[in-house]
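Structure, as C-alpha cells:
The values are calculated or read from the model by the stated rules, or taken from the named source; none is laboratory data. Since the model is a prediction, treat every value here as computed from it, not as a measurement. Cβ placement follows ideal geometry from the backbone for every residue including glycine, while neighbour counts extend to all protein chains displayed.
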C-alpha cells in the first residue's frame, strides 16, 4: 500500500500508525519551493507550528496549486523521502515544524506533527526532561 492508501486507511479507522509512519518515511514526497530568494520549502503556520507542505504525487500538488490560485503556473518542487524531510530538514528549521501531506485533499490529508516518534526528540514539542521513558 502507498502513502495515500495508508492515509485513507487511517482516516477510515482501519489503519495502523506504525504502517502509516513507515510508509511516510519511505515515500518520495513532492515539496514545492517557496519561490523566494532563499530557495526554501513552501510552508504555512497553524497553531504555533510551521507545516511544510508535501504531496504524494503531482496531481495532489496540482490540486493545491489550483486552491492557491496558481493552477496555470508551473511550480518548482523538490522530491525528498519523508525520512529525510523529518530527520535532516526539520532540524534546520527554527521552531516547531511538522509535515502536512496532501493538504488540498480534504478527505485525504494527514498531518505529521513535531512529536516524539515522528521527529527527533530534540525537535519534538512533547519531549522534555519530565517525559516518562517507555519501558
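If I ask for residues that are touching a residue at least 12 places away in the same chain (Cβ under 8 Å) and surrounded by 15 or more Cβ atoms within 10 Å (Cβ to Cβ), which ones from the stretch 12-21 would you list? Talk me through it step by step, then tell me what you get.
If we filter the stretch 12-21 for residues that are touching a residue at least 12 places away in the same chain (Cβ under 8 Å), which is where we start, we get 19-21.
Within the stretch 12-21, 20, 21 qualify.
Looking at 88, 83, which is the one that is part of a helix (DSSP H, G or I), at pLDDT 95 or above and within 21 Å of residue 15 (Cα to Cα)? If you could, list the steps in order and put the result at the bottom.
Numbers: 88 fails: within 21 Å of residue 15 (Cα to Cα).
After applying the criteria, what remains is 83.
Residue check, residue 61 against (1) assigned to a helix (DSSP H, G or I); (2) under 18 Å from residue 123 (Cβ atoms), all met but one. Which one?
(2)
Checking the conditions here, which among 29, 61 is buried (at least 20 other Cβ atoms within 10 Å of the Cβ), over 19 Å from residue 96 (Cα atoms) and in contact with a helix residue (DSSP H, G or I) (Cβ under 6 Å, 6 or more places away or on another chain)? Give the derivation first.
Working: 61 fails: in contact with a helix residue (DSSP H, G or I) (Cβ under 6 Å, 6 or more places away or on another chain).
Only one candidate qualifies: 29.
Being surrounded by 12 or more Cβ atoms within 10 Å (Cβ to Cβ), under 22 Å from residue 4 (Cα atoms) and out of contact with any strand residue (DSSP E or B) (no Cβ under 8 Å at 6 or more places or on another chain) is true for just one of 108, 98, 82. Which residue is that? Spell out how you get there, then give the answer.
Values: 98 fails: out of contact with any strand residue (DSSP E or B) (no Cβ under 8 Å at 6 or more places or on another chain); 82 fails: out of contact with any strand residue (DSSP E or B) (no Cβ under 8 Å at 6 or more places or on another chain).
The conditions single out 108.
So residue 24 ticks every box in (1) more than 15 Å from residue 113 (Cβ to Cβ); (2) touching a residue at least 60 places away in the same chain (Cβ under 8 Å); (3) within 13 Å of the chain's Cα centre (by Cα) but one. Which box is left unticked?
Just one mismatch for residue 24, condition (1).
Here is a list of conditions, (1) in a strand (DSSP E or B); (2) under 11 Å from the mean Cα position of the chain (by Cα), and residue 32 meets all of them except one; can you say which number that is?
(2)
Any residue at all in the stretch 2-11 that is in contact with a helix residue (DSSP H, G or I) (Cβ under 6 Å, 6 or more places away or on another chain), part of a strand (DSSP E or B), closer than 27 Å to residue 121 by Cβ and in contact (Cβ under 8 Å) with a residue 40 or more places away in the chain? Outline the logic, then answer.
Filtering the stretch 2-11 for residues in contact with a helix residue (DSSP H, G or I) (Cβ under 6 Å, 6 or more places away or on another chain) gives 3, 6, 10.
Subsequent filtering for residues that are part of a strand (DSSP E or B) retains none.
For the stretch 2-11, residues in contact with a helix residue (DSSP H, G or I) (Cβ under 6 Å, 6 or more places away or on another chain), part of a strand (DSSP E or B), closer than 27 Å to residue 121 by Cβ and in contact (Cβ under 8 Å) with a residue 40 or more places away in the chain: absent.
State which residue is nearest to residue 82 (Cα to Cα) when the search covers only the stretch 35-56 and only residues that are in a loop (DSSP other than H, G, I, E, B) and touching a strand residue (DSSP E or B) at 6+ places or on another chain (Cβ under 8 Å).
Residues of the stretch 35-56 that are in a loop (DSSP other than H, G, I, E, B), as a first pass: 35-40, 42, 47-48, 56.
Right, trim to touching a strand residue (DSSP E or B) at 6+ places or on another chain (Cβ under 8 Å) and you get 39-40, 42, 56.
Details: 39: 19, 40: 17, 42: 15, 56: 10 Å.
Once the filter is applied, the top-ranked residue is 56.
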